[in-house]
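Trainee: Let me begin by handing over the structure; questions about it come next.
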Amino acid sequence: MEQLPSLATILEDAGAALSRGVLLVCDTNTEYIAKKILGSQDRPLCVLESGETRKGWASVEHIITAAKGAGLGRDGLFIGIGGGVVTDMTSFAASVYMRGARLCLISTTLLGMVDAAVGGKTGFDLLGIKNLVGTFFPASHIYMPLDALKTLPPREWKSGMAELIKTAVLDSAICDAVPRVETGETQVSLDKLKALGPFSVTNGVPSTLGELIERAVLVKGRIVEADPKEQGTERALLNLGHTFGHALEAAAGLGNLSHGEAVAWGMVRACELGLVLGITPESRARKITEIIAAYDYETTAPHPSMTDAALFMQALAGDKKRKPVNLPLLFPMHSGRSWFLRI
Ligand code: GLY
């Protein structure tokens, strides 16, 4: 959809017109959007401080306190309005509030639209670890008003584009491997992304982008349907680049690098690892690395923002997705340098 949904539409879609209470949650960046949705209606609005550094328990407690103050019952509706930080925390709060309330999301960033808001993952950061605490709690409705992207800062574009590239990479990988996926319908092609040009979106939103977002959502939706709680191997595909990326985000200091910048760098590292393990064809690793470089992401290791290599290794070793492996492996993180990763 191009435009913001009205509050009446949201309530009707959620079947919440007669429910006990509605709470809108936004941050200081999306407060103006929440106010547009509210119009002249007087409904409780919880405004959080923006940024990854605020993605903690204090903000979640703020949401829950506001919900109680607004008199939300278990049939109350949480409406999260913003990027991944806001929607992850609103979703978490809704998932634990009175053991689960109603939830809908209005995603206002590219990253949120193609990844964070879709698929039911909720959470917040704790002990310096991204999304250490979380639940699976899908929203009943997710709105993606493309108009909201018109005011997205360049850094946010860059962050979202990395997840879009990830989906494109995954989709063609899936299409190669799983014949039942109809490539024509859902493939988010690397070439189309490249044609979009690196962050040329300043005046309005190109129509190609709307199409790509839609396709990325379809691709992710299909993966999530196959493995909603990441118990098998399907949903783990969506973590491409995230083990290295999350570790980099932690090592650079949470909030200093955008999630997408870190994930883009992480995808290049994952390609290197795939090459070392002999599971990624060289041509594929090269193509992925090329497109990431074309979008002006850092591709070399160590990343210039990685001020603390020990913290990086610690974060990598503590990754919540890790599984035991039988053989230790020495993986050169950066050829010509003498530091190695043991996994
Ligand atoms: N962002 C990865 C996932 O939703 O599984």
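Trainee: Can you go through T208, T289 and tell me which one is more than 30 Å from T53 (Cα to Cα) and free of Cβ contacts under 8 Å to residues at least 40 places away in the same chain? Spell out the reasoning first.
Mentor: Numbers: T289 fails: more than 30 Å from T53 (Cα to Cα).
The unique qualifying residue is T208.
Trainee: Let me ask you something else. Taking only segment 246-260 into account, find how many residues are touching a strand residue (DSSP E or B) at 6+ places or on another chain (Cβ under 9 Å) and under 23 Å from G274 (Cβ atoms). Please lay out each step first, then the result.
Mentor: Our first condition is that a residue be touching a strand residue (DSSP E or B) at 6+ places or on another chain (Cβ under 9 Å); within segment 246-260, this holds for 246, 249-250, 254, 259.
Subsequent filtering for residues that are under 23 Å from G274 (Cβ atoms) retains 246, 249-250, 259.
Going through segment 246-260 one residue at a time, the tally reaches 4.
Trainee: Okay, next question. Which of (1) modelled with pLDDT of 90 or more; (2) outside any helix (DSSP H, G or I); (3) away from the ligand (no atom under 16 Å from the Cβ) does K229 not meet, given it meets every other one?
Mentor: (3)
Trainee: Check L254 against each of (1) at pLDDT below 85; (2) within 16 Å of the ligand (Cβ to nearest atom); (3) within 30 Å of L126 (Cα to Cα) and name the one condition it does not meet.
Mentor: (2)
Trainee: Could you list, in sequence order, all residues of segment 257-287 that are within 12 Å of the ligand (Cβ to nearest atom) and of a type in the set (V, I, T)?
Mentor: Taking segment 257-287 and keeping what is within 12 Å of the ligand (Cβ to nearest atom), we get 259-260, 263.
Answer for segment 257-287, where residues must be within 12 Å of the ligand (Cβ to nearest atom) and of a type in the set (V, I, T): just V263.
Trainee: For V205, are the conditions met, namely being in contact with a Lys or Arg (Cβ under 8 Å, 6 or more places away or on another chain) and away from the ligand (no atom under 16 Å from the Cβ)?
Mentor: Numbers: in contact with a Lys or Arg (Cβ under 8 Å, 6 or more places away or on another chain): yes; away from the ligand (no atom under 16 Å from the Cβ): yes.
For V205, the condition - in contact with a Lys or Arg (Cβ under 8 Å, 6 or more places away or on another chain) and away from the ligand (no atom under 16 Å from the Cβ) - is met.
Trainee: Sort out which residues of segment 232-254 are over 14 Å from the mean Cα position of the chain (by Cα) and in a loop (DSSP other than H, G, I, E, B), and write them in order of number.
Mentor: Selection gives G232, T233, E234, A252, G253, L254.
Trainee: Okay, next question. Only residues in segment 91-120 that are closer than 22 Å to V219 by Cα count as the first member; pair them with residues that are more than 15 Å from the ligand (Cβ to nearest atom) and among the polar types (S, T, N, Q), Cβ under 7 angstrom, at least 6 apart or cross-chain, and list the lot.
Mentor: Once the first residue is closer than 22 Å to V219 by Cα and sits in segment 91-120, its partners that are more than 15 Å from the ligand (Cβ to nearest atom) and among the polar types (S, T, N, Q) give C104/S140; T108/T30.
Trainee: If I ask for residues that are of a type in the set (G, A, S), assigned to a helix (DSSP H, G or I) and over 16 Å from A162 (Cα atoms), which ones from segment 269-291 would you list?
Mentor: G274, S283
Rundown of residues vs (1) part of a helix (DSSP H, G or I); (2) without any contact (Cβ under 8 Å) to a residue 24 or more places away in the chain; (3) surrounded by fewer than 19 Cβ atoms within 10 Å (Cβ to Cβ), yes/no style:
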| residue | (1), (2), (3) |
| --- | --- |
| A8 | yes, yes, yes |
| E12 | yes, yes, yes |
| L24 | no, no, no |
| Y32 | yes, yes, yes |
| R43 | no, no, yes |
| C46 | no, yes, no |
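Trainee: Within the bounds of segment 62-77, is there any residue that is touching a Ser or Thr at 6+ places or on another chain (Cβ under 6 Å) and of a type in the set (S, T, N, Q)?
Mentor: no
Trainee: Let me ask another. So in segment 193-219, with the set limited to residues that are outside any helix (DSSP H, G or I) and among the small types (G, A, S), which one is modelled with the highest pLDDT?
Mentor: Restricting attention to segment 193-219, the residues satisfying the condition of being outside any helix (DSSP H, G or I) are 197-206.
Filter once more, so that each one left must be among the small types (G, A, S): 197, 200, 204.
Values: G197: 69, S200: 57, G204: 65.
Restricting to residues being outside any helix (DSSP H, G or I) and among the small types (G, A, S), the top hit is G197.
The values are calculated or read from the model by the stated rules, or taken from the named source; none is laboratory data. Being a predicted model, the structure only gives us computed values, none of them experimental. Every residue, glycine among them, receives a Cβ derived from its backbone with ideal geometry; neighbour counts consider all protein chains shown.
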